[in-house]
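To start, the structure under review is shown below, and the notes come after it.
The values are calculated or read from the model by the stated rules, or taken from the named source; none is laboratory data. The structure presented is a predicted model; accordingly, all values stated were derived computationally and were not measured. Counting neighbours? That spans all protein chains shown, and the Cβs are built from the backbone with ideal geometry, glycine included.
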Amino acid sequence: MTASPGKRILLIIGGGIAAYKTLELIRRLRERGISVRAVMTQAAQQFITKLSVESLTETKVFDDLFALTDGSGMGHIELSRDADLLAVAPATADLLAKMAQGLAGDLASTLLLATDKKILAAPAMNLRMWLHPATQRNCAILKADGVSFVGPEIGGMACGEHGPGRMSEPPVILAAIEDMLKHDTRIPLPAGVLEGRRVVVTSGPTHEPIDPVRYIGNRSSGKQGHAIAAAAAAAGADVVLVSGPVALPDPLGVKTLHVETAEEMLKEVEAALPADIFIGVAAVADWRVAKVSPSKIKKDAKQAPSLTLVENPDILAAIGHQSKNRPALVAGFAAESEKLEENARAKLAAKNCDMIVANDVSESSGVFGGESNKVCIFTKAGKESLPLMSKQEVAAHLVAKLAAMLAGSGR
């Protein structure tokens, strides 16, 4: 199996004479259909220019942590997680030390700490620096943390010395990248990261009765909502799942409450508060019949029955605008068949949410009832587009993102 076109690399270029080799590496990656975004440290720009890197990547080079709030809409969290793999070349002694200690004082180190993808480091430095106990100790820490290494090689150096510390050549680094891309490069959320947190999730459709036999409903299977509840429980959270009618088993380790209607769902959600996170995944019916017939409505050959509809409670808006028990984070789903981004951003503001997960639910998408989903995540910080994933993968990504947002909020 070879790395398929469409894979994305975030290349972090450190400050060393070996930085010139990254230009060849970028060219070889692009030849294989792998897109490259580059981040350059200030020291790297002493050896090669941003213009040369931008010419080869055909995209903007990032170098300033505080410039990510410009019109690009790409925050450091999104930038670090948009790629399939992070490659650090050259990985200088300074960068390795920052990585090992979890420092985040500049853009490069912040991205390396914030990523949910695996990291490949290609060290390059003077042989004495490479052999120093501090560097060897840092590398041992990073390997234990799951960072992969390629090189360094033994050879001549720009300083005139000969020994270990020379950065591997671009074909060798490319082979290491392609080998890593054959496998899952996501870093799973650490177990217990939501320990002590309470998460409330809604899932499935609601059924709004017309008479004892018929109801107003939709095609939601509940698979995405149930997967999110399971992922939150796996992260250590105390999870309450309020589910409409679905043909799914209750997730393990989750308190599941079964309801039929939107009014019942809202009542159970409010009873489950306070919570740290609310995730409204359920496809709640917008309307219900004003007066439910106590007996089955008989078919009349002369005319169809007339139904008067009234609006259901908006559960997401109700929780988002809570004045007393509003969760620290409120996330909702926007199931759209047109104008996805426009409608999602409007929903983010109108319902006072911290996150809206938008997906295309048109008939051709296969989302309702399917096993996969393709979503765009909207927050006040910007937009993150995910590739087509299984609903379990989407769930893991969303829970990881919400956990990071919660930790960053200081609540």
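Select from the stretch 318-338 the residues that are at pLDDT 80 or above and in a loop (DSSP other than H, G, I, E, B) and list them in ascending order. Of everything in the stretch 318-338, those that are at pLDDT 80 or above and in a loop (DSSP other than H, G, I, E, B) turn out to be HIS321, GLN322, SER323, LYS324, ASN325, ARG326, PRO327, ALA328. Which residues, counting only those in the stretch 212-232, are farther than 26 Å from LEU388 by Cα, among the β-branched types (Val, Ile, Thr) and either under 21 Å from the mean Cα position of the chain (by Cα) or assigned to a strand (DSSP E or B) (or both)? Across the stretch 212-232, the qualifying residue is only ILE216.
With the condition kept exactly as written, say whether any residue in the stretch 345-355 is part of a strand (DSSP E or B) and either assigned by TED's automatic domain parsing to the domain that holds VAL394 or in contact with a Pro (Cβ under 9 Å, 6 or more places away or on another chain) (or both).
Yes, the conditions are met somewhere in the stretch 345-355.
Results for (1) out of contact with any strand residue (DSSP E or B) (no Cβ under 6 Å at 6 or more places or on another chain); (2) part of a loop (DSSP other than H, G, I, E, B); (3) modelled with pLDDT of 95 or more, shown as yes or no for each residue.
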position	(1), (2), (3)
ILE173	no, no, yes
ASP179	yes, no, no
HIS183	yes, yes, no
PRO188	yes, yes, no
LEU194	yes, yes, no
VAL199	no, no, yes
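With outside any loop (DSSP other than H, G, I, E, B), at pLDDT below 95, exposed (fewer than 13 other Cβ atoms within 10 Å of the Cβ) and of a type outside the set (Phe, Trp, Tyr) as the only criterion, which of ALA140, ALA158, ALA108 stands out?
On the way: ALA158 fails: outside any loop (DSSP other than H, G, I, E, B); ALA108 fails: exposed (fewer than 13 other Cβ atoms within 10 Å of the Cβ).
ALA140 is the lone residue from the list that is outside any loop (DSSP other than H, G, I, E, B), at pLDDT below 95, exposed (fewer than 13 other Cβ atoms within 10 Å of the Cβ) and of a type outside the set (Phe, Trp, Tyr).
Given the structure, is VAL394 within 15 Å of ILE228 (Cβ to Cβ) and at pLDDT 90 or above? It is false that VAL394 is within 15 Å of ILE228 (Cβ to Cβ) and at pLDDT 90 or above. Here are some conditions: (1) surrounded by 19 or more Cβ atoms within 10 Å (Cβ to Cβ); (2) not assigned by TED's automatic domain parsing to the domain that holds ALA97. VAL213 meets all but one. Which one does it not meet? Evaluating VAL213 over (1) surrounded by 19 or more Cβ atoms within 10 Å (Cβ to Cβ); (2) not assigned by TED's automatic domain parsing to the domain that holds ALA97 leaves (1) as the failure.
Restricting attention to the stretch 221-244, does a residue exist that is in contact with a Phe, Trp or Tyr (Cβ under 8 Å, 6 or more places away or on another chain) and of a type outside the set (Phe, Trp, Tyr)? Checked the stretch 221-244: at least one residue is in contact with a Phe, Trp or Tyr (Cβ under 8 Å, 6 or more places away or on another chain) and of a type outside the set (Phe, Trp, Tyr). Could you list, in sequence order, the residues of the stretch 293-324 that are surrounded by 10 or more Cβ atoms within 10 Å (Cβ to Cβ), among the aliphatic types (A, V, I, L, M) and either over 18 Å from GLU263 (Cβ atoms) or not assigned by TED's automatic domain parsing to the domain that holds LEU348 (or both)? Hit for the stretch 293-324 is ILE297, nothing else.
Somewhere in the stretch 296-308, is a residue assigned to a strand (DSSP E or B) and under 20 Å from ILE210 (Cα atoms)?
Filtering the stretch 296-308 for residues assigned to a strand (DSSP E or B) gives none.
No, there is no match, as no residue in the stretch 296-308 is assigned to a strand (DSSP E or B) and under 20 Å from ILE210 (Cα atoms).
Cβ separations smaller than 6 Å between residues 6+ apart or across chains give the following pairs from the stretch 19-43 residues that are assigned to a strand (DSSP E or B) to residues that are of a type outside the set (Val, Ile, Thr) and surrounded by fewer than 22 Cβ atoms within 10 Å (Cβ to Cβ): SER35/ARG8; MET40/ASP63.
What about GLY236, is it at pLDDT below 95 and within 29 Å of the chain's Cα centre (by Cα)?
Details: at pLDDT below 95: yes; within 29 Å of the chain's Cα centre (by Cα): yes.
Answer is yes for this residue.
I'd like to verify a number: residues in the stretch 233-254 that are assigned to a strand (DSSP E or B) and over 27 Å from GLY217 (Cβ atoms), how many? Qualifying residue count for the region: 1. A residue that is of a type in the set (A, V, I, L, M), part of a helix (DSSP H, G or I) and at pLDDT 95 or above cannot be found anywhere in the stretch 60-68. If you check every pair at least six apart or on different chains, which have Cβ atoms under 8 Å apart with a residue in the stretch 1-16 that is closer than 25 Å to ALA108 by Cα first and a residue that is at pLDDT 80 or above and of a type in the set (Phe, Trp, Tyr) second? Matching pairs, first to second residue: GLY15/PHE47; GLY16/PHE47.
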